[in-house]
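Accompanying notes for the structure given below.
The values are calculated or read from the model by the stated rules, or taken from the named source; none is laboratory data. From a predicted model like this one, the values you see are computed outputs, not experimental measurements. Ideal geometry is used to build each Cβ from the backbone, glycine not excepted, and the neighbour counts take in all protein chains shown.
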Amino acid sequence: MSQSEIPPSDKLSDNDVQAIDQLQGSYNQLVDELGRVIVGQRATIERLAICLFARGHALLMGVPGLAKTLLVSKLAETMSLDFSRIQFTPDLMPMDITGTDILQDTSGGKREFEFVHGPIFANMVLADEINRAPPKTQAAMLEAMQERVVTVLGKAFPLPPPFLVLATQNPVEQEGTYPLPEAQLDRFMFLIELDYPSEAEEIQIARTTTGDELPSLDHILHAEDIIEYQHLVRRVPVPDHIYKYAAQLVRKTRPNGETAPAWMKPLVSWGAGPRAVQYLILGAKSRAALLGSYMVRLEDVQQVASPVLTHRIITTFAAQAEGIDAGQIVRRLIEETTPEA
């Protein structure tokens with residue numbers, strides 16, 4: 001792939017090229033700094049960074065004890081971001097997340113309502129075990145995630161940029177939980193699945209975390225830097241055939257579509273929507289910039305395809321009976337899909 005595939009008007013300026021080099025250097029520093037506390041999880045760190053610089057949100061899926069909360073809090077620490085953790089429980093109310101008006105006494109002896117900000121007003125919000133809260137409380141996150149504002153009693157309160165929601169779910173325990181509806185799952189750019197560490201990593205975890213105190217991490221980036229890099233990521237050029245490939249891949253996930261492969265139709269009841277194409281391109285742009293590339297490559301789209309598409313595909317009972325999940329279907333689609341000439 002060469003720069004000749006990009007129209008001159010879409011090519012990066014010299015300043016943007018230098019900024020991408022700086023972003024790559026900062027990202028490498030960030031990974032090294034997190035490595036002082038977080039053992040392994042490099043793929044997870046990369047995907048979290050992709051979401052942050054693409055202005056997306058992520059849903060982390062993993063059993064307890066895989067350092068999901070620690071990873072998110074330390075990521076916020078290295079970036080000098082305001083961090084807030086919300087522990088979702090069945091009795092959590094929407095106002096516990098957004099905040100509410102409280103009647104206060106003023107200096108003039110009058111009583112006026114004053115809005116008290118909830119924990120959603122932070123740069124990085126960890127929604128821990130989001131599926132434990134009832135649907136009404138889950139829905140309180142939707143406006144914040146999509147519009148980046150919170151509306152309380154008819155008044156809109158903008159959220160501080162940059163704004164990133166990282167939600168966690170435990171895939172094992174389902175008793176007393178409320179599965180997220182498809183409309184809310186679609187708001188998450190990535191589904192990031194965490195697996196158990198290797199034996200060597202588990203030994204290193206024991207050595208690192210059983211001492212007196214965890215080390216404090218250096219601040220690599222600030223909020224203003226992140227906002228500038230988010231704008232930079234949007235300017236990363238994409239060749240035409242990459243746009244076509246992303247659309248082609250997403251359209252193949254729809255069982256009623258003309259391009260859907262025959263083997264997939266009995267396994268999928270609902271495929272990914274247009275937002276998946278947007279997130280494939282944005283995720284590829286962000287990954288390219290983090291790795292120091294001045295344009296999006298095919299491998300960038302392929303690397304972000306699984307976390308973008310897996311939670312947007314609804315499998316049938318036939319697939320579940322055969323032990324086939326959405327991740328396996330997505331991986332096979334990626335293997336079989338080639339860019340159109």
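Here are some notes:
- Exclusive hit being buried (at least 20 other Cβ atoms within 10 Å of the Cβ), in contact with a Lys or Arg (Cβ under 9 Å, 6 or more places away or on another chain) and either under 30 Å from ASP225 (Cβ atoms) or not assigned by TED's automatic domain parsing to the domain that holds LEU75 (or both), set ALA127, ALA144: ALA127
- If you go through the range 286-314 and keep only what is crowded, with 19+ Cβ neighbours inside 10 Å and β-branched (Val, Ile, Thr), you end up with VAL296, VAL301, VAL304, VAL308, THR310, ILE313.
- Residue list for the range 27-54, filter: farther than 19 Å from LEU309 by Cβ, in contact (Cβ under 8 Å) with a residue 60 or more places away in the chain and crowded, with 19+ Cβ neighbours inside 10 Å: TYR27, LEU30, GLU33, LEU34, VAL37, VAL39, GLY40, GLN41, ALA49, LEU52, PHE53
- Hey, VAL116 of a type in the set (Val, Ile, Thr) and surrounded by 20 or more Cβ atoms within 10 Å (Cβ to Cβ) or not: no
- The range 70-85, subset over 17 Å from the mean Cα position of the chain (by Cα) and crowded, with 18+ Cβ neighbours inside 10 Å, residue farthest from MET141 (Cα to Cα): THR78
- Residue check: VAL17 meets all listed conditions (1) under 30 Å from ALA183 (Cα atoms); (2) at pLDDT 90 or above but one, namely (1).
- If the condition is being part of a loop (DSSP other than H, G, I, E, B) and either among the charged types (D, E, K, R) or touching a residue at least 60 places away in the same chain (Cβ under 8 Å) (or both), then the range 87-137 contributes PRO90, ASP91, LYS110, ASN123, GLU129.
- Residue match in the range 276-287 (condition: in the same structural domain as TYR245 (by TED's automatic domain parsing) and either more than 22 Å from the chain's Cα centre (by Cα) or not in a helix (DSSP H, G or I) (or both)): no
- VAL296 of a type in the set (Val, Ile, Thr), under 26 Å from GLN146 (Cα atoms) and within 17 Å of the chain's Cα centre (by Cα): no
- Residue match in the range 102-112 (condition: surrounded by fewer than 12 Cβ atoms within 10 Å (Cβ to Cβ) and in contact with a Leu (Cβ under 8 Å, 6 or more places away or on another chain)): yes
- Of all residues making up the range 40-68, the number that are among the β-branched types (Val, Ile, Thr) and assigned to a loop (DSSP other than H, G, I, E, B): 1
- Hey, ALA318 at pLDDT below 95, more than 25 Å from THR168 (Cβ to Cβ) and in a helix (DSSP H, G or I) or not: yes
- The set of residues in the range 220-272 being in a loop (DSSP other than H, G, I, E, B), β-branched (Val, Ile, Thr) and surrounded by 15 or more Cβ atoms within 10 Å (Cβ to Cβ) consists of ILE220, VAL236, VAL238, THR253.
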